[in-house]
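Heads up, the thing below is written out as structure tokens.
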Amino acid sequence: MKGIAILGSTGSIGQSALAVAEAHPDKLRVVALAAGGNASRLAEQIEKYKPARAALANAHGPECLIEIATHPDADVVLFASSGTAALDAVLAAIEAGKTIALANKEILVMAGSVVMAAAKRRGVAVLPVDSEHNAIHQCLHGRPAVEIKRLILTASGGPFRAVPAPQLAAVTAEDALRHPTWRMGPKITIDSATLMNKGLEVIEARWLFGAGPDAIDVLVHPQSIVHSMVELIDGSVIAQLGVTDMRLPIQYAFSYPERWGAPLPSLDLAEAGRLDFERPDLERFPCLALAFRALRGAEGLPIVLNAANEIAVTAFLERRLAFTGIGDVIRASMDEYERTGAASITGLDDVKRVDTWARSFAGHVTGGVQSTS
């Protein structure tokens, strides 16, 4: 039996994780749960799964996340919440020797060097739950880095894949929240619409797999059946395919290194009919280009990118910013960070300092920014 702790249990990933635990009662036991502010749903989960410890971050404060992540009965800790609040909890879980199942992109985008160094020092596995990174983990299957030529992340393209550039400034939050493939929370759904989600994944892949920006590529694949691919040095390409259900990568992270049966339908390629691939349009979706810029630039740029994006997405959801203004806010924040002198990132204090600065600057920009697209 593996003890499972879940941070973000009331969100879409957290609920899928609980469904996986329910499907394998002989292998998984829910020992601790944490949610943000959905008290009623957390109460239902407590009644159903009877964890030894549960907490509501909005009521108990962020310190409760560390308590959940370091619960002595937890073997695997799933970080399923979005945003940066769980960073301290991840590091605490690593220090406690827990296996990390990571669905929170922002953690590695902000502090990839700090987190992965801590995991290496403690001998802790960091297993990706994002379907794309999970797919790459499966494709690599322990292959040495010298055999890897390129990592290829696939993207659905979001709801605006075919929308002409002049129309993007007028799209609404309601439009952007209608994802064609996945059902997710609002922040990650908006990130998918801007392709920032894929940009964050590019940076995340750098830390998870030790690949440089020139060894990471992105292809738009609207069917979302090929979850990612790996090209080897001999030109062979290995792909991971599966139905679009987050229970699959979550179960992989929970069961690793074993494979378990899953109560899901098999992938029917004949029914799928065709698999399409195209290069992303970086002019219409500049957030992806900004992520590559951050990866190639100063150490703190990914922190600025992530923080400014969170502020801009909130402004868009609150109808204070145009859809195309999201990229404008991020670009302005990155430009200002480089202009004022980027400092080196040597530890968690530096990460938090840059994050605080970027949120403040982006918050000021969103007060009156106008889209230039």
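The values are calculated or read from the model by the stated rules, or taken from the named source; none is laboratory data. Everything quoted here is computed from the prediction, not taken from an experiment. Neighbour counts run over all protein chains shown; Cβ positions are idealised from the backbone, glycine included. To get the accessible areas, we keep the full protein, side chains included, count just its heavy atoms, and leave off ligands, DNA and RNA. Shrake-Rupley method; radii C 1.70, N 1.55, O 1.52, S 1.80 Å.
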**OP:** For ASP217, list long-range residues whose amide hydrogen, built 1.01 Å from N in the peptide plane, is under 5 Å from its own amide hydrogen.
**Re:** LEU151, ILE152, LEU153
Original post:
Just how large is the dipole of the chain about the Cα centre, in debye to the nearest 20, putting +1 at every Lys and Arg Cβ and -1 at every Asp and Glu Cβ?
Top reply: 280
Subject >> Förster radius 35 Å - calculated FRET efficiency between LEU232 and SER360, Cβ distance, rounded to 0.05 >> reply: 0.20
**OP:** Could you list the residues of segment 209-225 with an amide nitrogen less than 19 Å from a label point located 7 Å from the Cα of VAL146 in the Cα-to-C-beta direction?
**Re:** 210-212
Subject >> Against the rule of thumb 2.2 N^0.38 Å, how large the Cα Rg of the chain comes out >> reply: 0.95
**OP:** Give the residue from VAL171, SER333, GLY11 lying farthest towards the positive end of the charge dipole for the chain; charges sit on Cβ (+1 for Lys and Arg, -1 for Asp and Glu) and the dipole is referred to the Cα centre.
**Re:** GLY11
**OP:** Using a 10 angstrom cutoff on alpha carbons, build the Gaussian network for the chain and name the most mobile of ILE326, ILE216, ILE250.
**Re:** ILE216
**OP:** Find the accessible area per residue for the chain; the probe is 1.4 Å, ligands and nucleic acids are left out, and the unit is Å².
**Re:** 42
Original post:
Hey, which of these cross-link pairs are over 29 Å Cα-Cα: LYS98/LYS149; LYS27/LYS105; LYS187/LYS352?
Top reply: LYS98/LYS149
Original post:
Once amide H atoms are built 1.01 Å from N in the peptide plane, which residues 5 or more positions from ALA101, or in another chain, come under 5 Å H to H?
Top reply: VAL77, LEU78, PHE79, LEU127
Subject >> Gaussian network model of the chain, springs between alpha carbon atoms under 10 Å - residue of SER16, SER236, SER81 with greatest fluctuation >> reply: SER236
Original post:
Once amide H atoms are built 1.01 Å from N in the peptide plane, which residues 5 or more positions from ALA54, or in another chain, come under 5 Å H to H?
Top reply: LEU33
**OP:** May I ask for the net charge around PHE277, where only other residues with Cβ less than 15 Å from the Cβ of PHE277 are counted and Lys, Arg are +1 while Asp, Glu are -1?
**Re:** -1
Subject >> Accessible heavy-atom area order of PHE361, PHE316, highest first, probe of 1.4 Å >> reply: PHE361, PHE316
Original post:
What do you get for Rg/Rh over segment 204-261 if you use C-alpha atoms and the Kirkwood form of Rh?
Top reply: 0.99
Original post:
Once the Cα atoms of segment 284-344 are picked out, what are the Rg and Dmax in Å?
Top reply: 11.4, 35
Original post:
Tell me, what ³J(HN,Hα) does each residue in segment 313-325 have, in order and in whole Hz, if you take phi through Karplus 6.51 cos²θ - 1.76 cosθ + 1.60 with θ = phi - 60° and put x for Gly and Pro?
Top reply: 5, 4, 5, 5, 5, 8, 6, 9, 8, 6, 4, 6, x
Original post:
Got a sec to turn the phi values of segment 47-58 into Karplus ³J(HN,Hα) couplings, 6.51 cos²θ - 1.76 cosθ + 1.60 with θ = phi - 60°, whole Hz, x for Gly and Pro?
Top reply: 4, 7, 9, 6, x, 5, 8, 8, 8, 10, 4, 5
Subject >> FRET E, pair GLU47, ALA165, Förster distance 51 Å, beta-carbon r, rounded to 0.05 >> reply: 0.55
Original post:
What's the carbon and sulfur percent of the chain's accessible surface, probe 1.4 angstrom, rounded to a whole number?
Top reply: 51
**OP:** Could you tell me the convex hull volume per residue, in Å³, taken over the Cα atoms of segment 63-151?
**Re:** 103
Subject >> Whole-number percent relative contact order across segment 46-121, with pairs defined as alpha carbons under 8 Å at least 6 apart >> reply: 26
Original post:
What percentage of all Cα-Cα pairs in segment 86-238 are separated by more than 18 Å?
Top reply: 60
